[in-house]
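**Q** Here it is: the structure, laid out below.
The values are calculated or read from the model by the stated rules, or taken from the named source; none is laboratory data. Fair warning: this is a prediction, and the values are worked out from it, not measured in the lab. Cβ atoms come from the backbone with ideal geometry, glycine included; neighbour counts cover every protein chain shown.
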Amino acid sequence: MAAFGRFSQTLLRSVSAVQTRQLSAAAAHGEQGSKTWKLLTFLVALPGVGVCMLNTFLKAQHHSHERPEFIPYTHLRIRSKRFPWGDGNKSLFHNSHVNALPDGYESHE
């Protein structure tokens, strides 16, 4: 049993030495790599996230929040088996304002 412990410690040391060498090789490029990634982050990634947020905000401003018209297409809202939750007719993430049931929208009076 002691031999197994020594073997595992030796194996762990050799693995960590290999990982250290790989990390050292990656760090040999030094400051240039980190400067490149820092510039890419601040000049490309963050402005890109800002543009995407602005685009989403502007699209949300022009989005209609009215309920779409119910059209009883035969290939949509097929229920061949009841759902195992609730009344068995609504999907797990059912939104009564947007998601229609097979016979139409739920009425909210």
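**Q** Condition (residue is modelled with pLDDT of 70 or more, part of a helix (DSSP H, G or I) and hydroxyl-bearing (Ser, Thr, Tyr)) applied to the range 13-32: is it met by at least one residue?
**A** Within the range 13-32, not a single residue is modelled with pLDDT of 70 or more, part of a helix (DSSP H, G or I) and hydroxyl-bearing (Ser, Thr, Tyr).
**Q** Considering only residues that are surrounded by fewer than 10 Cβ atoms within 10 Å (Cβ to Cβ), aliphatic (A, V, I, L, M) and assigned to a loop (DSSP other than H, G, I, E, B), which ones fall in the range 52-109?
**A** If the condition is that a residue be surrounded by fewer than 10 Cβ atoms within 10 Å (Cβ to Cβ), aliphatic (A, V, I, L, M) and assigned to a loop (DSSP other than H, G, I, E, B), then ILE71, LEU76, ILE78, LEU92 are the ones that fit.
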